[in-house]
Amino acid sequence: MRIDGKGLVDRSAPVRFTFDGVAYEGFRGDTVASALLANGVRVVGRSFKYHRPRGVLTAGSEEPNALVEVIEVGQQTPNVRATVQEIFPGLEVKSQNRWPSLKYDVMAVNDMLSPFLSAGFYYKTFMWPRKFWERVYEPIIRRAAGLGSLSGRHDEADYEKAFAFCDLLVIGAGPAGLMAAVQGARAGVDVILADENPVMGGRLLADGGEIDGRPASVWVAEVLAELEAAPNVRLMVRTSVTGAYDGGTFSALERVGLHVAARANLPRECFWRIVAGQTVLAAGALERSIAFADNDRPGVMMASSLRAYVNRYGVSPGKRVTIFANNDDARLSARALMAAGVDVAAIVDTRADASTLEDCPVYAGAEVVGTKGRHGLSAITVRHRGGEMQIETDCLGVSGGWNPLVHLTCHMNGRPVWDADLAAFVPVAGAVPGLHAAGACAGVFSTQGCLADGARVAVLALGVLGRAVRAVDAPVAEDAPYAVLPLWEVKGKGRAWLDFANDVTTKDVRLAAQENFASVEHMKRYTTQGMAPDQGKNSNVGALAVLADATGRSIAQTGTTTYRAPFSPVSIAAMGAGGRGAGFAPQRFMTSHGASVDRRAPMVEAGLWYRPSYFPKGAETTWREACDREVVMVREAVGVCDVSTLGKIDIQGADAARFLDLVYTNVFSTLPVGRVRYGLMLRADGHVLDDGTTARLGENHYLMTTTTAAAGLVMRHLDFVQQAYCGDWDVRFVSVTENWAQFAVAGPRARALLASLVSVDLPFMGCSRVEFGGVGARVFRISFSGEEGYEIAVPSRYGEALFRDLVARAETLGGGPYGMEALNVLRIEKGFITHAEIDGRTTAFDIGLAGMISARKDCIGKAAAGRSGLTGAARLQMVGLRPVMQAAITAGAHLFTPGDEVRRENDQGYVTSVGYSPMMEGYLGLAFLRDGRARIGEMVRLVDHLRDIDVLCEVCDPVFHDKEGVKLRG
Amino acid sequence: MRITCPLCGPRDRREFYYYGSEDYLTQPEVGDLDAVDAQLHLRDNVAGRVRDVWYHEAGCASWLVVTRDTVSHAVEKVELVANVKGILAKTKLKGGAA
Amino acid sequence: MRYSGLKVITQGLFGNKGWGPAWRNPAPKPEYDAIIIGGGGHGLATAFYLAKNHGLTNIAVLEKGHIGSGNIGRNTTIVRANYVLPGNSEFYSHSLKLWEQMETELNYNVMHSQRGVINLFHSDGQRDAAVRRGNAMINQGDDAELLDREGVRALVPYLDFEQTRFPIYGGLHHKRGGTARHDAVAWGYARGADMRGVDLIQNCEVTGIDIEGGRVVGVQTTRGAIRARKVGMVVAGRSGQVAAMAGMRLPIESHVLQAFVTEGLKPIIDQVVTFGMGHFYISQSDKGGLVFGGDIDFYASYASRGNLPMVEHVMEAGMTLMPMIGRAKVLRSWGGIMDMTPDGSPIIDKTPVEGLFVDAGWNYGGFKAVPASGWCMAHLMATGETHAVASKFRLDRFRTGHLLDEEGTGSQHNLH
């Protein structure tokens, strides 16, 4: 019901939206909840377990009942708080957790079965027959549970993430927060003021009182004007600060585009990381309920939300309203309603000594003991000194007092303490370093008190920032004492709800206590109390008060459950903004990328890099055809391959050689200038870290190469070794991976190709600086294929040109480019390892390179490599495999001794790499085999259950091709 | 979490790589398996003040010794590994023949 | 009291007044035959199997908080037996078999649901590693199935198969894997142990371990000294601190692992799905919340809470893998303290102190291990002999180099 002359919504801007397919009208500034209440809609959802009808309970983000789905074309957002979602033209909203309709929900049958669905009933049944759990019971439970639905379609909308930095962060723009922000603004520090509402002012707007004799909203507008004009203040509306983290870091969610129709380039939400020097928490307090029989009917609301609907939205949630409270604050709601011309039928005040001086009947020392109304409240039963009576009412405002919003103060494991005077938990100072609670969240409940406390606490925070300022004078406002007489439940027959969303009643809590789930965490987990979308904001304190009563302890002894981030739920899409699709990880491209794509090469991921898989040619239809051709091409003519992804580290200094001797197992100080050596590097724990070649370019100048996969790892390792152990050595190094493009040219005609480009005569494992086309380049005679091979490196800007040129030259020699597939076959034929073999568990012994650990010197990892478990016959050792009858074999297969049963106890090893060798016309494999080197020549049984492969293989030396290295050395 | 790099100033934790306890800084001698165990495995693992080793990987590439609290996550002190007194003396590695 | 559907109905008819306490609150006795420090999943399971398998009932579980207040109540509830290394394979295989009979054994519905675990792979190399793992699982007698891309699509069509960064090549499907209701596991073992006479003593923190002549004789607690000739330390997350009371340093560093749950949603994710490239795994609970997580925060911590970089990384991984979860809202995050070992595998062994045993180092895989860990620790404490399926979980294996490094990331506690 809309009230004329009340509210801050724009009456000149009507907005049409739909709820469950029915069109409604509200005004700009309305939430879905306020607009539905204005239209007399009472049932907006169904509860979790019993599917009871649920109406709007609150006017804020803590709403447990009015959760709806917002529908878009092809997409939907579940569990949206109707009390937060602003309406806009065309907004489509649907109720959830009901079938077939909100009014007639089949699952409401659960409500009739409630005696059998008590807390934890499912732990005691559904155990027989065993197979029925997955097949029968669980599917039924899963379908009944849950609230809203995801669409199942990719969320294609835009989301953003951002960092912000400030000196003073103020969380909450109610009276305390506004005063704190003003204080910061005038002190000249960088201020961020964040508030979850679309308009700032907090309860000043909802309560509608006066400040300095004028409407509070006028004072709010003046303060906001000052803050907006201040260059050092950033105002963030629709921004919930959701978590407190280390180092003054806070997470916050800004609802950027949820209040308007979706449009391109407007993100829905932005997830902020705010780093603050000091923080004033002015989050306010939340009103709590009282548990009484059937207190969950639509129309039963929080008392303070009634005046919020009147003052902010110009809506009365009922025609004939009653109030049930244990404190003075709820009187404000009664008065606001009456001032707006709404009929207030009665105030039921639990306090025997409560004042009865109101313009409506007041029952002091009375309690609401029951309610009526199937789909909405129609009457309450009141027990008072004179007996019981029924009052007809369609809206009951309940207030059990106020709970300070201590949540953020607890995000770093702080525990709030029980304040018996306030009958509430209040924060402990210093629980989050640099964060100071002010106003209602610190237990200061009057408006005057909040205004003054905001200024006081801001002065404290500014002092820490080194700004000594005097508190500005707080304006004059309401300063009534908060007179509360704690009451948590009205005992009696019937079910009295604590957690409306999860359907937890006082009976459930008492049953938990009866079954010795007596600690507050046990009770929570046994009953699911506080685990619904409102995270127990409306009910946790009440529930633990009931638990305290049931177990004969005080509330302070009972304690609270832990408050954890986020303060209010945050979408995965917002926190994961930027991660979709290719955004998840950086992409690295070689200089030849475009040239490879031009040749239709499929580019595959190699770590962060992309490398060509193969270069299809002519009528080839499968990768194998191309791969086989490329292998033969390299073996018989010449191939060109971009190897720029290998890590390259330039190492210089008088102690460079000494440094390499420390990080490599073998000796590099003896390497002559102009030569290249293969090196093996260990982790500190003695396992193989990486392998690669290192060239000596000058007396004090080396160029190390690493594998693609371990490039970053090796750089970090070198930095560690140098800074930790060799800080006083003359050695400096830098990654030059990105600076040089490098191409392998391999095959019997590699020398001819090179000669066509530049005149250089290198021995095997030689290197030289050369120049061609006016470009300084480097040539290394090294090979990863077993053929005569060269690697030519040029500055990256010439990479693409050189690649195209080399390929063209190769083609005139009967060669061409080759990709990763061929490269893999070539190296398997030669028994060269990759990270398929050195997978982090491998030792030098395993790969037959124990001899590379120099006995003449120390190296990183040598001490740990000496442990008995890292060598010996029990280890798996690298061998080659050739299947009999040229059968296909697969990597990942396990090996068994022929005749043994195929089971784990008999496992002899596994296959790491497999390729089809067109030269040998058969599959070759590299494998790790128990005591493998001693078994060369024996047969093993290779079993891949997953691919139905079971073949005998001959154990061989891992070098299949050119064992003597004749071709290599040319 | 934020760490103040001695060279770069206060930076977000995501710029840093964590290695582990400062035990890693003590290199064992070949043959000394107790020292290997101490360097690589055994930890005081204190709930409280610890000194551990971090790398400013997305920054200046400095290795750092960070003194901090494992319960509160408060960072007390950040030093360059290279400047930590006695570290060079702790390593028994002799390096190459050069 | 035996639980059953009939009992639920008859109790319901009479106002549920007849349900008795799930366990007693006994006062500690001055002496027990054996003491288990730690009333988490592993400790309670140890007590249960000591009583059930070995007839030891004069024993106590000492818990500094309340039963199940550690990682048993702070995990993502995944149960699987998909290990590749001998030593791990047989242990987790044994554990899965115990899971499959847990409801019957405990007369408690722990909601163990074998909804299947799918490990995705994104390159040929990862496929080969997955195949090696799958074959190891089958060789162990467990189940595994290789799915190609279309096979994955048939089971989990909502993944982003068009995403360009780390395309889905296929997956390893472990059908007997699944989830369970984590708290119920603690409660079920607690109730079972209590019924067999075990004293579960809550709010009783061990403050010292009494050792005489190299043998344990009892413990000091906040509720007084308690004598026992056998003491088991089963306090993952706090292992280092308890071991320090016995003068030991363990190969363990404590780290925080965060996990997340969303608001309740209608069923949409049936299996457990893991995304190796992004260290992301997800399932949906019976209540409807999406339960998911990623890697540890990577720095040593006892804070039971983490920081934003890993939070965001996990969300980004979720968005690249299955962007249909974008509209789901994270309701709650939490952090558990993990005993991280230098090879990622656990320890169930004797210690140099006679009569003192250790069950520790579960990294972040402790939940699925609960039954077998209890089974093997009970065997060790009762017989003094290592159980066959836990024979590789030795305390000295790091020193000797007999490592069980499933990930191959080496002796760095935070990398497993």
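We did not get these values from a lab; they are worked out from the coordinates using the rules stated. The model shown is predicted, which means the values in this text are computed figures rather than measured ones. Here the Cβ is made from the backbone with ideal geometry for all residues, glycine too, and neighbour counts use every protein chain on show.
Among C:N363, C:N139, C:N71, the residue with the largest mean-square fluctuation in a Gaussian network model of chain C, with springs joining Cα atoms closer than 10 Å, is C:N139. Using only the alpha-carbon atoms, how far is helix A:799-812 inclined from the longest principal axis of chain A? Give it as 0 to 90 degrees, nearest 10. So the helix axis and the longest Cα principal axis differ by about 40 degrees.
Of chain C, which part is the longest with no GluC sites (Glu not before Pro) in a loop (DSSP not H, G, I, E, B) and with at most 15 other C-beta atoms within 10 angstrom? Within chain C, the longest run free of exposed GluC sites (Glu not before Pro) spans C:206-384. Listed values for segment C:228-245 are Karplus-derived 3J(HN,Hα) couplings in whole Hz (6.51 cos²θ - 1.76 cosθ + 1.60, θ = phi - 60°), namely 6, 8, 10, 10, x, 9, 10, 9, 3, x, 10, 4, x, 6, 5, 5, 4, 5, and x replaces Gly and Pro. Would you mind getting me the FRET efficiency between A:Q557 and A:A874? Use the beta-carbon distance for r and R0 = 41 Å, nearest 0.05. Approximately 0.10, to the nearest 0.05. Ranking A:T409, A:V93, A:G248 by how far each Cα lies toward the positive end of the dipole of chain A (charges on Cβ) leaves A:V93 at the top. Under a 5 Å amide H cut-off, with hydrogens placed 1.01 Å from N, A:G55 pairs with A:V44, A:G299 among residues at least 5 apart or on other chains. Between segment C:87-106 and segment A:366-419, the C-alpha centres lie 48 angstrom from each other. Pairwise alpha-carbon distances in segment C:79-171 exceed 20 Å for 47% of all pairs.
Charging the Cβ of each Asp and Glu at -1 and of each Lys and Arg at +1, and nothing else, the dipole of the protein assembly as shown about its Cα centre rounds to 1700 debye. Footprinting exposure proxy ranking of A:I140, C:I67, fewest other C-beta atoms within 10 angstrom first, gives A:I140, C:I67. Of interest is the spacing of the C-alpha centroids, which for segment C:343-367 and segment A:499-540 amounts to 35 Å. Within the listed set C:N107, C:N16, C:N307, the residue fluctuating most in the Gaussian network model of chain C (springs between alpha-carbon atoms under 10 angstrom) is C:N16.
Taking every DSSP helix (H) stretch of at least 4 residues in chain A, weighting each as -39,500 (n - 2.57) and dividing the sum by the residue count yields a mean residue ellipticity at 222 nm of -6000 deg cm²/dmol. Among the cysteines of chain B, those with no neighbouring cysteine Cβ under 4.7 Å are B:C60.
Compute the acute angle (0 to 90°) between the alpha-carbon long axis of helix A:540-551 and the principal axis of greatest extent of the alpha-carbon atoms of chain A; round to the nearest 10°. Approximately 80 degrees, to the nearest 10.
Counting only DSSP beta bridges with both residues in the protein assembly as shown, what percent are antiparallel, rounded to the nearest 5? About 75 percent, rounded to the nearest 5. Relative to the longest principal Cα axis of chain A, at what angle does helix A:447-464 sit, 0 to 90 degrees, rounded to 10? The answer is roughly 30 degrees. Of the three principal axes defined by the Cα atoms of segment A:662-702, the extents in descending order read 32, 15, 13 Å.
Working value for chain C: equivalent-ellipsoid semi-axes of 35, 26, 19 Å, each the square root of 5 times a Cα gyration tensor eigenvalue, largest first.
Expressed per residue, the C-alpha convex hull volume of segment A:647-735 stands at 76 Å³.
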